[in-house]
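Report on one structure; see the data block that follows.
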Amino acid sequence: MQSGLSLPPKNVLVFILGLLLVYLFLQFYLPYISNINKYDFNVHDILFWAALVFIAKRTAINLPFNAAMSHTFIVALACVTIFPTWLAPLLLFLFNFDKEAGKPSYPWYKDLFNRTQSALSTSFAALTWWFFQTNSLTGGMNHVLLDFVAIVAASITYFVVNVFSVTYVIHLASGASIRKIWSENYSWLWVSYLVQAPVGLLLAKAYQTPLIGGWGGFTVLFMMLLLYFSRYYWDEKVKLEESFDETIEVLVAALDAKDPFTRLHSERVAAISESIAKRMGFDEQDVKRITYAARIHDIGKVAIPDSVLLKPSKLTDDEFELIKSHTGKGLEVLHPMKQRLSKDVQGVIVHHHERWDGTGYPSRLKGDKIPLWARIVALADAYEAMTAGRAYSPAKSPQEALNEIIMLAGRQFDPQVVKLFEELWLEDPIWKDREEFLRRYTSPAHLSALSSPSRSGPASVTLPTSS
């Protein structure tokens, strides 16, 4: 029986609670250090900046690995320069409400993690700001220069603490390597953090020096409005890229549906590739990527005339050369999104017809020179084609197809991939028999279970639960 309180994996929970303890220690310690920010604030100031924290959290930009970023960072830096050292992190902890809060997709521990890591990052940023403002080594600096140096240092501190916390919890939850999470989420963000750091300082100075109506909040709201316009531009760019992904998958589905022999071909190749990748120990994100690559591996065929692609008789040499060109045409079709495709995915599209002995196409790569992902998809593609058959070539039984693949190990296929494939095949997976796969895949129960990956809130990750 399921209990009412869901829990993340033990290692994730321990990490979150550890972060919480560090934050609570700092929250109780910070009031005892001297207050260097001389702004005479009142309750209205606190409510205004709390509202900005609340709004900033709810307008996030999606990143890979179900992570996201928002303008909370800028608001946090502004609070660090305005309020006493202890107040800024407290505002982040109390008012950092995610727009998904209260929904099943956003459990309590996810909310706790996001609040804690934001408050902890702000705590260390506040300490950095305090250190530079009180250190004797910076005492002779021009006031403007000192503020600039201090805010840049505080932003770097915030970035390091924030990115470490989020990267490590994603690593614990998904199994993805820290290096991969860093490169795909944050390797480009550090420049953004440095560029935005002075904006946080400007917000604070604008608030402390009213220009409109005797209240600095009007200027701050105007500046935040400009930031949100840039955010929505980026958000629309992300949505456009997602729409392009969906369009590509629709094209692939339409391509498969043209011929009864290739019905759901790409989906079955993807299912086989996914099984092999999992057996080889790929992390969660790489499994998703190779599955996606397998789905679109034949996208180049949309550029091949139907008269050749659907020809019921044997192809001429010229026609076969035209068919072979689909590996290169695939990247031409995907050119608008090529920068978003990893080298591994591109390798699948271009090299899934290479052979282990070097007699494949288009590059006649041999052995380990063939990208691993392409070797996996090549075997999956061949098994699917063998058991589906063509108008000019009757379908083989699953056993006959397996026997042929084993016979071709070391010639057409990577022997290690063949070995893992045979192990999986003996476990009677759904993709083993084509008719069973088609029946199960198109059943109402299966279709209702299909859903798009959900996006999580800022600086968060989809954590598995246990109860």
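The values are calculated or read from the model by the stated rules, or taken from the named source; none is laboratory data. Fair warning: this is a prediction, and the values are worked out from it, not measured in the lab. Neighbour counts run over all protein chains shown; Cβ positions are idealised from the backbone, glycine included. Side chains are part of the model used for accessible areas, which takes the heavy atoms of the whole protein and leaves out ligands, DNA and RNA. Shrake-Rupley method; radii C 1.70, N 1.55, O 1.52, S 1.80 Å.
Yes or no, residue by residue, for (1) over 26 Å from E242 (Cα atoms); (2) open to solvent by less than 30 Å² (accessible area, probe 1.4 Å); (3) at pLDDT 90 or above:
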{"residue": "K57", "(1), (2), (3)": "no, yes, no"}
{"residue": "T72", "(1), (2), (3)": "no, yes, no"}
{"residue": "A76", "(1), (2), (3)": "yes, yes, yes"}
{"residue": "S105", "(1), (2), (3)": "no, no, no"}
{"residue": "A119", "(1), (2), (3)": "yes, yes, yes"}
{"residue": "S123", "(1), (2), (3)": "yes, yes, yes"}
{"residue": "H143", "(1), (2), (3)": "yes, no, no"}
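All of (1) open to solvent by less than 40 Å² (accessible area, probe 1.4 Å); (2) within 21 Å of the chain's Cα centre (by Cα); (3) free of Cβ contacts under 8 Å to residues at least 24 places away in the same chain hold for E274 with one exception: (1).
Applying the criterion of at least 3 residues that are over 21 Å from L264 (Cα atoms) and free of Cβ contacts under 8 Å to residues at least 60 places away in the same chain to the helices (runs of 4 or more DSSP H) found wholly in the range 294-339 leaves 317-324, 326-333. Once the range 125-140 is narrowed to residues that are of a type in the set (S, T, N, Q) and over 17 Å from T85 (Cα atoms), the residue that is most open to solvent (accessible area, probe 1.4 Å) is S136.
Keeping to the range 90-103, report how many residues are at pLDDT below 90 and either among the basic types (K, R) or in a helix (DSSP H, G or I) (or both).
2
Can you say whether E354 is in a helix (DSSP H, G or I) and either closer than 17 Å to I406 by Cα or in contact with a Ser or Thr (Cβ under 8 Å, 6 or more places away or on another chain) (or both), as far as the supplied structure shows? So E354 fails the test.
With the requirement that a residue be charged (D, E, K, R), over 19 Å from E422 (Cα atoms) and either part of a helix (DSSP H, G or I) or modelled with pLDDT of 90 or more (or both), what does the range 275-293 give you?
E284, D286, K288, R289
From the list R279, R355, the one residue that fits, being of a type outside the set (D, E) and open to solvent by 70 Å² or more (accessible area, probe 1.4 Å), is R279.
Would you mind finding the one in E384, E422 that is assigned to a helix (DSSP H, G or I) and more than 21 Å from H351 (Cα to Cα)?
On the way: E384 fails: more than 21 Å from H351 (Cα to Cα).
Step by step, each of E384, E422 is checked, and only E422 is assigned to a helix (DSSP H, G or I) and more than 21 Å from H351 (Cα to Cα).
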